[in-house]
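The values are calculated or read from the model by the stated rules, or taken from the named source; none is laboratory data. Remember, it's a predicted structure, so these values are computed and weren't measured experimentally. So basically every Cβ, Gly included, is an ideal-geometry build from the backbone, and we count neighbours across all protein chains shown.
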Amino acid sequence: MGVEIQHKINNEDDAIAVAVVAPVILGLQPSALVDHVATVDLSLLSRIPGEPGGSFPVAAEELKFVLGEVNAHTIASPETTSSLKTIAGGSVANTIRGLAAGFGITCGIIGACGDDDQGSLFIDNMSFYKVDLSRLRLKNGSTAQCVCLVDELGNRTMRPCLSGAVKIQANDLTTEDLKGSKWLVLRYAIFNIEVIQAAIKIAKQEGVSVSLDLASFEMVRKFRLPLLQLLESGSIDLCFANEDEAAELLRDEENAADPESALDFLAKHCQWAVVTLGAKGCIAKHGKEVVRVPAIGEAKAVDATGAGDLFASGFLYGLVKGLSLEECCKIGSCSGGSVIRSLGGEVTPENWQWMYKQMHTKGLPIPEPHNFVL
């Protein structure tokens, strides 16, 4: 069922639409976010705050500086005629959009969106893929933005700016936001910890399973203790970490954890634990079962933005369909491989077709109905 989008804001806390049937999977993204994606040379990365390759918030003036520098450091791309590609973004939004667009799973977003041009872009993009926006509150103010800088090797450096952006608060959440859904998708962020905790509490009351992504090695490193407390609470059912995040998770003063140790730690506290290893694939654990699945597709990535987010889309699709741990990982590898073939965290129709072909070749169930051409 399509979702009717209400663009006019009647008051600060209007929802965008009224849901009839609860989506199977909900994503909590407290602030709607717009990504500005550009391919840049390495000289720019050395001039921006923070380490290359990670994702860490910047202030409004830093965002303005980075955007001002991008045009002088962009690398021409055959996919875009402008220096920036602007799309609805955010890790959770990428995962939810992927589930709706590529896998046909009914999905929704919980969060807040500003009444500006970026907010309209976010709404238009997500509603195009029939993502349920009835839990996305429209508020007077600005929508969050993120600059995604992609180097010549396809590695991405992300600098989100949440300063002054509208966001959903912990006391905005109600049981109606989660009632009837199966999964809640979260991304760890210390500045959203209160609303994350509130959402988890409601999810557990409503029998909704919780998936957590560890966000970035910078976030894990700087705010490791609250993350460990969250994991050790036993309220996280599924956890995704990439290799860098896994290394930070159990780091002591001298040594970083290897992926296998991090996987074992996560599996002690979560029903499903996954560590993605980039070009080396992934490892996952459920109970006593451990699987290792290689990456699928070409080794060279145009842009790694969204690779982990779309891996989560495929893995969650597998769980919803009751597939084995290995099949979930293989589908995740297919979907993660689809997004790195072009710029940004949105999979193109051509790359969805590429994914379905990979799934077919490996004997994996292809989502229906989809216009898949062998």
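Side notes on the structure shown:
- Looking only at residues in segment 172-203 that are under 20 Å from residue 219 (Cα atoms), at pLDDT 95 or above and among the β-branched types (Val, Ile, Thr), the one that is nearest to the chain's Cα centre (by Cα) is 185.
- A Cβ distance below 6 Å, combined with a sequence gap of six or more or placement on separate chains, defines the contacts here; from segment 88-100, residues that are under 12 Å from residue 187 (Cα atoms) and in contact (Cβ under 8 Å) with a residue 12 or more places away in the chain reach residues that are buried (at least 24 other Cβ atoms within 10 Å of the Cβ) and basic (Lys, Arg) in the pairs 91/187; 92/187.
- The one condition in (1) more than 17 Å from the chain's Cα centre (by Cα); (2) surrounded by fewer than 23 Cβ atoms within 10 Å (Cβ to Cβ) that residue 155 fails to fulfil: (1)
- Single match in 39, 80, 74 (criterion: crowded, with 19+ Cβ neighbours inside 10 Å, over 28 Å from residue 214 (Cβ atoms) and at pLDDT below 95): 74
- Matching residues in segment 148-203 - criterion: being under 25 Å from residue 320 (Cα atoms), in contact (Cβ under 8 Å) with a residue 60 or more places away in the chain and of a type in the set (Ser, Thr, Tyr): 181
- Taken as a whole, the structure leaves residue 339 outside the set of residues that are closer than 28 Å to residue 221 by Cα, at pLDDT 85 or above and of a type in the set (A, V, I, L, M, F, W, C).
- Test set (1) within 26 Å of residue 230 (Cβ to Cβ); (2) under 17 Å from the mean Cα position of the chain (by Cα) - residue 129 fails condition number: (1)
- Looking across segment 266-292 at every residue that is assigned to a helix (DSSP H, G or I) and modelled with pLDDT under 95, the one that is farthest from residue 340 (Cα to Cα) is identified as 280.
- Candidate set: segment 83-123, residues that are of a type in the set (Gly, Ala, Ser) and in a loop (DSSP other than H, G, I, E, B); chosen: the one modelled with the lowest pLDDT: 83
- Residue 345 part of a loop (DSSP other than H, G, I, E, B), surrounded by fewer than 24 Cβ atoms within 10 Å (Cβ to Cβ), of a type outside the set (Lys, Arg) and touching a residue at least 24 places away in the same chain (Cβ under 8 Å): no
- Here residue 207 meets the list (1) part of a loop (DSSP other than H, G, I, E, B); (2) touching a helix residue (DSSP H, G or I) at 6+ places or on another chain (Cβ under 8 Å); (3) farther than 12 Å from residue 185 by Cβ almost entirely, failing just condition (2).
- Tabulated pairs, segment 130-143, first under 10 Å from residue 107 (Cβ atoms), second in a strand (DSSP E or B) and at pLDDT 95 or above, C-beta under 7 angstrom, 6+ apart or interchain: 131/107; 131/108; 131/109; 132/107; 132/108
- The residues of segment 204-215 that are in contact (Cβ under 8 Å) with a residue 40 or more places away in the chain and on the phi > 0 side of the Ramachandran plot amount to a single one, 215.
- Restricting attention to segment 165-208 and to residues that are of a type outside the set (A, V, I, L, M, F, W, C) and surrounded by 20 or more Cβ atoms within 10 Å (Cβ to Cβ), the residue that is farthest from residue 269 (Cα to Cα) turns out to be 167.
- Scope segment 157-211; condition within 27 Å of residue 273 (Cβ to Cβ) and of a type in the set (Ser, Thr, Tyr); matching residues: 157, 181, 188, 209, 211
- Yes/no for residue 27 being at pLDDT 95 or above and either of a type in the set (Gly, Ala, Ser) or over 30 Å from residue 200 (Cα atoms) (or both): yes
- Hits in segment 227-246 (condition: outside any loop (DSSP other than H, G, I, E, B), touching a residue at least 24 places away in the same chain (Cβ under 8 Å) and more than 20 Å from the chain's Cα centre (by Cα)): 232
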